[in-house]
Every structure is written in structure tokens, then in C-alpha cells.
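Asks: I am attaching a structure below and will ask some questions about it afterwards.
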């Protein structure tokens, strides 16, 4: 018998989600986007990862920092939204809007009005671990001693010809979907639904019949989404790309919760985080080939919004059905390896968690 789906209770049981947070998500790194999103000193963004409010900022020394977004006085957020120096909304520091405690970009306390200086000598915004990988993706951990970011040489080899690290950040959005986080990951990583759910958006570009399983190991899984004859990326991309690389998208999941899509024109990456058993926060970012015209960037953003809307509608319907008593123990068969082998890889990863 081949691989099967998880039973409905895996997507609806709060105790299961609590286990996943403790054993899978909290010990892991979380890809919040690309380093070039925060290109200049004072550029920042805020994100909450597993109930930890964080502000990621480019410091004056050029380094990226992940700071706790919790004022050390009374717990208020010191930053909200995001800001870029180029648009005049970057930060020279962070000031609590409640009692005006202020902090430097590195988290050092600057001022604490009406407070004994001796009492705040050790007060600063705590830092969370942060690392930038070879492709320019920023990963943050919400545990003091995370395991090393797992090497994925086969993934690096697939992405190297596209020069992902040299692509330019273009766009980001944050969305809340009323579904389980695993359902979103599984949906992104399988080709079976492409010609069904996305009949007018993706079927003409990447039909289900052309999906093929890609490399995988303990750190990631992947598949290729092929273009029909006559369809190619909107830009030629890097000059050393092969015809085969120009004729497909490469989709991958770095376990547990980064999913991404790379082709000659763009790279889209998604951070997928549970808010509850049936609510998921998705932060997606788009980077483009460095010479990609602005009009192609705009049309690609519009296409991704449409695709995401189609997936969201399907997954929210799915979530409602998975809550039915009769769905709790049901586990149907997966499609062949080219179409849904990535889901089997993801399930094996979850099953091997300590």
C-alpha cells in the first residue's frame, strides 16, 4: 500500500498542534523573508512567531538583528508594522508609545523617563537568534539555543544557477487563512490540484501533467512544475540557465514551514505559522530577476494574489470538512510520487520529530 494522507484529527486537534509547536516549530528556524527587504540602516519589520513579538532591523553597522518587541518597562510593543529609510519611515531607534522608554537599533536602552538610572542599567531589548542563508533568506529562531540551520546541498545546487541571492526584493504581504498550517504547506507542495483549483491561472502555465518530483533529503523536499511547449518565464533570467531550467518552476519546502517557488523571473517565499489549529498566518515575499521590468513585477504580484485567493478558498472549505466527526480517523491514499511525493516527505519529517 502506498503513502496516505494524515487523518482529519491531525488538522483539528489542539493537542496535536501543541505537540507540533513544542517539538517541530519552536526548535526550528523560521524564514521571515529576504535580507534585501531591509537594505538600509533603520529599515525594520515586525512579526510574531509562535506568540513571540519580534522586530527585525538593519543596524547602523550593517548587521540584521531580531529583537524582542516587548518594552522592558511594562511590556508594550516598541514598534509596529514596518519602515524603510528610502520611504522616510525607517527608524533611528524605537520608542515605546506607552511611557516613552527608548531603545537604539541594537536594543540598548537610551532613556527611561522618571526611572532610577541604577534600576535600568541591565535593561535592553533581548535578541533572538538570526541567520542569513546562501540564498539571502533571513531565518529567525524563538529558542535561545536553536539547532544549526540544516545544510541542504542538493537544494543549494538547484538554486545556484538562478542566483537567488542576487535577485531584488519587490513585494511582501501578510495574510490570515482559516485553515491548519500543515494544509497550506501540503497544498503548496503538490501538483495534483494545479489543473483543478487553478484552471485559468496555473493550468495554462504549469499543468498537473507536467509536475515531477525533485530532490529531497532530511532538510527539504521539492518538485518541478513544468511549462507547456511555447511557455517560458517572463524574462530570460541568468545567462547560464539551461533550457530545462527556463522551462519550469522549482518549488521546495525547507522543513518545517518555509515553502518557496523559483523560476527564471522570480522567487516567492512563504513563512507559514499557526495561530490556532484552524488559523494560519502567511507572510509571503516576492523577489525578481534584477533586470525584470516593473510591469512584469506588477503582473506577477497580481497573479500571486489571485492564486493565493484560490488556494485560501479551497483550504478554508477543507478545514471545515476536516472537523466532521467522520473525518477524524480518515486517511486517503496520496497520488503518485511526481504529484504528491512531497507530502509523503513532509509527513516522514513530522514523524521523525523527537
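Conditions (1) part of a loop (DSSP other than H, G, I, E, B); (2) buried (at least 16 other Cβ atoms within 10 Å of the Cβ), marked per residue:
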residue	(1), (2)
176	no, no
195	no, yes
225	no, yes
233	yes, yes
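Asks: Can you tell me which of 105, 45 is assigned to a strand (DSSP E or B) and in contact with a strand residue (DSSP E or B) (Cβ under 9 Å, 6 or more places away or on another chain)?
Replies: That would be 45, the only listed residue that is assigned to a strand (DSSP E or B) and in contact with a strand residue (DSSP E or B) (Cβ under 9 Å, 6 or more places away or on another chain).
Asks: Could you please let me know if residue 190 is part of a loop (DSSP other than H, G, I, E, B), farther than 22 Å from residue 290 by Cα and touching a helix residue (DSSP H, G or I) at 6+ places or on another chain (Cβ under 9 Å)?
Replies: Yes, satisfied.
Asks: Now, a different point. Can you tell me how many residues within the range 8-32 are in a strand (DSSP E or B) and more than 20 Å from residue 106 (Cα to Cα)?
Replies: 3
Asks: Taking the criterion of being part of a strand (DSSP E or B) and at pLDDT 95 or above, would at least one residue in the range 90-99 satisfy it?
Replies: Yes, the range 90-99 contains a residue that is part of a strand (DSSP E or B) and at pLDDT 95 or above.
Asks: I'd like to know if the range 86-96 contains one or more residues that are within 30 Å of residue 254 (Cα to Cα), within 26 Å of the chain's Cα centre (by Cα) and crowded, with 16+ Cβ neighbours inside 10 Å.
Replies: no
Asks: Yes or no: residue 45 more than 25 Å from residue 219 (Cβ to Cβ), under 16 Å from the mean Cα position of the chain (by Cα) and surrounded by 21 or more Cβ atoms within 10 Å (Cβ to Cβ)?
Replies: yes
Asks: So, one more: When you go through 251, 273, 286, 303 one by one, which is the residue that is out of contact with any helix residue (DSSP H, G or I) (no Cβ under 8 Å at 6 or more places or on another chain) and either in a strand (DSSP E or B) or in the same structural domain as residue 170 (by TED's automatic domain parsing) (or both)?
Replies: 303
The values are calculated or read from the model by the stated rules, or taken from the named source; none is laboratory data. If you're wondering where the values come from, they're calculated on a predicted model, not measured in any experiment. Quick reminder, even Gly has a Cβ in these numbers, built from the backbone with ideal geometry, and neighbours come from all protein chains shown.
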